[in-house]
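Undergrad: One structure is given below, represented as structure tokens, and several questions about it will come after.
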Amino acid sequence: MSVLTFTLILLLGAYCAGLLGSLTGLGGGVVIIPLLTLCFGVDFHYAVGAALVSSIATSSGSGSAYVKEGITNIRLGMVLEIATTIGAVAGAVVAIWMNNSVISIIYGGVLVLTAVMQQVKHNRHEHVVGSRLAKRLKLFGTFPQKDGTKQYYELTNVGGGFSVMLLAGMLSGILGIGSGVLKVIAMDGIMKVPFKVSTTTSNFMMGVTACASAVVYIQRGNIVPGLAFPVLIGVLFGALTGAKLLKRLDVSLLRKIFAIAILAVAVNMIYMGFTGGFEH
């Protein structure tokens, strides 16, 4: 296979990854890693490096749109980014010394958790009494409703959410994905932040978290321009296309089908991890 053919196939695959990731709310990195490792036989460390670059691009693009709409809680994101950045740097340093099989097993486990959480119904968190720390840090906020009004909300358990964010950052550094599922668990499940605010704030944070990890991967030579650039372009345009289609399509069935596909990939990842299928 020539370099041009490989680049074009990778560009198309990354576009599809960004499109599916955008429509299902999982992000392109969830598809990119299996695409590179299972389909193209790319080493996990280089695949993670490429996925981190794509996460930075997609977060920058879609995150700015949510900020403009007034849904993202910027102050909350900046506070929690302290935890994810520390975790991301630690995870990236640890990942350098991990072999492909261990990373594959961890990745498979995160995919299983992601697929399950996609099907869980989320609470509305009405009448939440905010904690003193959240009030002191001025983390309460509002988000726009469909009728044009703004819904006020409070949040609690900042310390618990901060702790989970450390783990989310570590997984992001190790796996090259945004670990959005853990970030949403921290904000929606522990801190009682409205789900819409949780997902948009998580997206806003993803780019900063990925940047912190990417610095370590660049220093180690695990981000290859010839691999990362087509992935970045493909995922970015795929995500932008998905954002436009999302307003017109009912993606509930697609999300269920995609969750089953993710579980199948997760099982394959875990199996190959235990059998040494990724060791070259």
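Taken together, the values in this text are just the output of simple stated rules run on the coordinates, not laboratory data. Just so we're clear, the structure is a prediction, and the values are computed from it rather than from any experiment. All Cβ positions, even for glycine, are placed from backbone atoms using ideal geometry, and neighbour counts span all protein chains on display.
Undergrad: What do you get for the angle between helix 44-69 and the principal long axis of the chain? Use alpha-carbon atoms, 0 to 90 degrees, nearest ten.
TA: On a 0 to 90 degree scale, this one is about 30.
Undergrad: For region 3-275, list log₁₀ I(q)/I(0) at each q in 0.09, 0.10 Å⁻¹, using the Debye formula over Cα point scatterers of equal strength and ignoring solvent, two decimals each.
TA: -0.38, -0.47
Undergrad: Could I have the simple spin-label model distance between residue 260 and residue 215, label points 7 Å from Cα toward Cβ, reported in nm to one decimal?
TA: A separation of 4.5 nm, rounded to one decimal place.
Undergrad: Okay, moving on. Give the Kirkwood hydrodynamic radius (Å, one decimal) of region 44-114, defined as one over the mean of 1/r across all pairs of different Cα atoms.
TA: 14.3 Å
Undergrad: With the chain treated as a Gaussian network of Cα nodes joined by springs under 10 Å, which of 38, 20, 236 yields the largest mean-square fluctuation?
TA: In this elastic network of the chain, the residue with the biggest mean-square fluctuation among 38, 20, 236 is 38.
Undergrad: In degrees from 0 to 90, rounded to the nearest 10, what is the angle of the helix 225-246 Cα long axis to the longest principal axis of the chain?
TA: Taking the Cα atoms of the chain, the angle to 225-246 is about 40 degrees.
Undergrad: Rounded to the nearest 500, what is the 222 nm mean residue ellipticity of the chain from helices alone, with -39500 (n - 2.57) per DSSP H run of 4+ residues and division by all residues?
TA: The helix contribution divided over the chain gives -23500 deg cm²/dmol.
Undergrad: Please give the per residue volume of the convex hull enclosing the alpha carbon atoms of region 112-242, rounded to a whole number of Å³.
TA: Expressed per residue, the convex hull around the Cα atoms of region 112-242 is 138 Å³.
Undergrad: In addition: Measure off 7 Å from each Cα along the Cα-to-Cβ vector at residue 6 and residue 68, then give the distance between these two points in nanometres to one decimal.
TA: For residue 6 paired with residue 68, the spin-label model returns 3.8 nm.
Undergrad: Take the chain, connect every pair of alpha-carbon atoms lying under 10 Å apart with a spring to form a Gaussian network, then pick out the residue of 203, 73, 268 with the largest mean-square fluctuation.
TA: Per the Cα network of the chain with a 10 Å cutoff, 268 tops the list.
Undergrad: Relative to the first principal axis of the alpha-carbon coordinates of the chain, what is the inclination of helix 74-96, with its axis defined by its Cα atoms, in degrees from 0 to 90 and to the nearest 10?
TA: 30 degrees
Undergrad: Order of 190-198, 153-161 by packing, highest average Cβ count within 10 Å first?
TA: Descending mean neighbour count gives 190-198, 153-161.
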